[in-house]
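Asks: Just passing along the structure, written as structure tokens.
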Amino acid sequence: MTHPQRLRLALPLLIAAPHLLWPARAQAQDKWPSAPVRMVVPFPPGGSSDMLGRLIAEKVGALLKANIFVENKPGGTTQIGSEFVANAAPDGNTLLLASATSFTALPNLRKLNYGIDSFEIAGGVADYIAVMAVRKTLPVKTVREFIEHAKQNPGKLSFGSAGEASAGHIYGLTLARDTGIQVLHVPFRGSAAAVNALVAGDIDFIIDGAITPMVKADRVQPLAVLYRKRHPELPNVPTLKEAGFEITSTRGSGWGVLAPKGTPAPIMARLSDAVHQVLDQQDVKDALARANSVASWQAPDEYRRSLEADRKLYAELLPAIGIRGN
């Protein structure tokens, strides 16, 4: 058989091949999720993000009748886990519990191999509630007393955070700038380690929602909540504004659920709908409060706009508080 003859015989098959694959692809999408789904949390176990990730994975998994499990991939202030998901197969079997930090603070500090356009967005899920607390032995009970004590001891008070450019780091330096105090930053590998350091008295204060259980256990002294309203789990702790202070802050995009770019639209639609339904459940709202967050559904386009607005704010704020890129 000559080459032209073979080509004529093969051509109809080549033309038909994509069409033959379409039913298989559609069938795979219809069956999703038919395999275990991994939700990557770009923080170590034990912090607010980890608690939130496990809750969302459990509840969305139950709604979709799927096995969604959490895999912690900390490092690089969320960069390692976020980049891992950006490079994963777009089949719906790898998701990211995205921290706003990945797309707001980090792009202003270093060159990243991913961006929000590297992902499909299911939606924004929760706002973050930060809590300011000090070690028990620090002689202050209010934010005003803390500021006065810090001014009397410039550069001597230290605060811990989940890492460089984390929310706690940015909050701490912004508070220092806006109130005229000098403090030292001690970065840890995740919120849990910073919380342990405060309880042990190794640092003086923290601004992190993960400290909430220690506040309830009376292991640390709470001063204020950095959110628009009081923490549901700490009704007696005033907001920073109620305490008489305000600092520059983002809208608080918090967390979202993302998938790799190219994940089929039918899968994203099912995922988005499931996440939205879960956030309307009262037991989920209550559990989110225990994870130091507030259920706050944002449709994909709204979440994208919120991240972009916060990224622009950070472009001005970070250099102003002394956080600069590599």
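The values are calculated or read from the model by the stated rules, or taken from the named source; none is laboratory data. Please read these numbers as outputs of a predicted model, since none were measured by experiment. Positions of Cβ are generated from backbone atoms using ideal geometry, with glycine treated the same way; all protein chains shown enter the neighbour counts. What goes into the accessible areas is simple: the full protein's heavy atoms, side chains included, and nothing from ligands, DNA or RNA. Shrake-Rupley method; radii C 1.70, N 1.55, O 1.52, S 1.80 Å.
Asks: Any residue that is among the charged types (D, E, K, R), under 24 Å from Ala88 (Cβ atoms) and outside any helix (DSSP H, G or I) - is there at least one of those in the stretch 252-265? Give the steps one after another, and end with the answer.
Replies: Initial filter on the stretch 252-265 (among the charged types (D, E, K, R)): 261.
Now narrow it down to the ones that are under 24 Å from Ala88 (Cβ atoms): 261.
With the extra rule that they be outside any helix (DSSP H, G or I), the set shrinks to 261.
Yes: one or more hits.
Asks: Something else about it: Would you mind finding the one in Asp30, Asp50 that is at pLDDT below 95, acidic (Asp, Glu) and either within 18 Å of Ala100 (Cα to Cα) or touching a Leu at 6+ places or on another chain (Cβ under 8 Å) (or both)? Steps first, please.
Replies: Numbers: Asp30 fails: either within 18 Å of Ala100 (Cα to Cα) or touching a Leu at 6+ places or on another chain (Cβ under 8 Å) (or both).
Criteria check complete, one pass: Asp50.
Results for (1) outside any helix (DSSP H, G or I); (2) of a type in the set (S, T, N, Q); (3) surrounded by 15 or more Cβ atoms within 10 Å (Cβ to Cβ), shown as yes or no for each residue.
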residue	(1), (2), (3)
Ser272	no, yes, yes
Asp283	no, no, no
Leu288	no, no, yes
Ala295	yes, no, yes
Ser306	no, yes, yes
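Asks: Which members of the stretch 156-200 meet the condition of being open to solvent by 40 Å² or more (accessible area, probe 1.4 Å), farther than 14 Å from Ile247 by Cβ and part of a loop (DSSP other than H, G, I, E, B)?
Replies: Matches in the stretch 156-200: Lys156, Glu164, Gln182, Phe188, Arg189.
Asks: Identify all residues within the stretch 105-155 that are open to solvent by 20 Å² or more (accessible area, probe 1.4 Å), among the β-branched types (Val, Ile, Thr) and more than 17 Å from Ile247 (Cβ to Cβ); write none if there are none.
Replies: Result: Ile116, Thr137.
Asks: Turning to a different aspect of this structure: Could you list, in sequence order, the residues of the stretch 201-210 that are modelled with pLDDT under 95 and either in a helix (DSSP H, G or I) or out of contact with any strand residue (DSSP E or B) (no Cβ under 7 Å at 6 or more places or on another chain) (or both)? Spell out how you get there, then give the answer.
Replies: Going residue by residue through the stretch 201-210, those that are modelled with pLDDT under 95 are 208-210.
Once the filter is applied, which keeps residues that are modelled with pLDDT under 95 and either in a helix (DSSP H, G or I) or out of contact with any strand residue (DSSP E or B) (no Cβ under 7 Å at 6 or more places or on another chain) (or both), the stretch 201-210 yields Gly209, Ala210.
Asks: In the stretch 149-177, what residues are touching a residue at least 60 places away in the same chain (Cβ under 8 Å) and in contact with a Ser or Thr (Cβ under 9 Å, 6 or more places away or on another chain)? Spell out how you get there, then give the answer.
Replies: Residues of the stretch 149-177 that are touching a residue at least 60 places away in the same chain (Cβ under 8 Å), as a first pass: 162-167, 169-171, 173-177.
Hits for the stretch 149-177 are Ala162, Gly163, Glu164, Ala165, Ser166, Ala167, His169, Ile170, Tyr171, Thr174, Arg177.
Asks: Taking the stretch 195-226, which residues are within 12 Å of Val131 (Cβ to Cβ) and either in contact with a Phe, Trp or Tyr (Cβ under 8 Å, 6 or more places away or on another chain) or of a type in the set (Asp, Glu) (or both)? Please lay out each step first, then the result.
Replies: Pass one, the stretch 195-226, residues within 12 Å of Val131 (Cβ to Cβ): 195, 198, 205-216, 220-226.
Leu198, Phe205, Ile206, Ile207, Asp208, Gly209, Leu223, Ala224, Leu226 - these are the residues of the stretch 195-226 that are within 12 Å of Val131 (Cβ to Cβ) and either in contact with a Phe, Trp or Tyr (Cβ under 8 Å, 6 or more places away or on another chain) or of a type in the set (Asp, Glu) (or both).
Asks: State the number of residues belonging to the stretch 77-135 that are in a loop (DSSP other than H, G, I, E, B) and either aliphatic (A, V, I, L, M) or touching a residue at least 40 places away in the same chain (Cβ under 8 Å) (or both).
Replies: Within the stretch 77-135, the subset in a loop (DSSP other than H, G, I, E, B) is 77-78, 87-93, 100, 105, 109-115, 129.
Next cut, either aliphatic (A, V, I, L, M) or touching a residue at least 40 places away in the same chain (Cβ under 8 Å) (or both) only: 77, 87-93, 100, 105, 109-110, 112, 129.
Counting residues in the stretch 77-135 that are in a loop (DSSP other than H, G, I, E, B) and either aliphatic (A, V, I, L, M) or touching a residue at least 40 places away in the same chain (Cβ under 8 Å) (or both) gives 14.
Asks: Looking at the stretch 308-325, I want the residues that are more than 24 Å from Gly256 (Cβ to Cβ) and have a partner that is open to solvent by less than 40 Å² (accessible area, probe 1.4 Å) with Cβ atoms under 8 Å, at least 6 apart or on another chain. Which pairs are those?
Replies: As it stands, the answer is Ile321/Ile170; Ile321/Leu173; Ile321/Thr174; Ile321/Ala176; Gly322/Leu173; Arg324/Leu109; Arg324/Leu318, since those pairs meet every condition given.
Asks: If you scan the stretch 34-72, which residues turn out to be surrounded by 22 or more Cβ atoms within 10 Å (Cβ to Cβ), part of a helix (DSSP H, G or I) and touching a Phe, Trp or Tyr at 6+ places or on another chain (Cβ under 9 Å)?
Replies: Ser48, Ser49, Asp50, Leu52, Gly53, Ile56, Ala57
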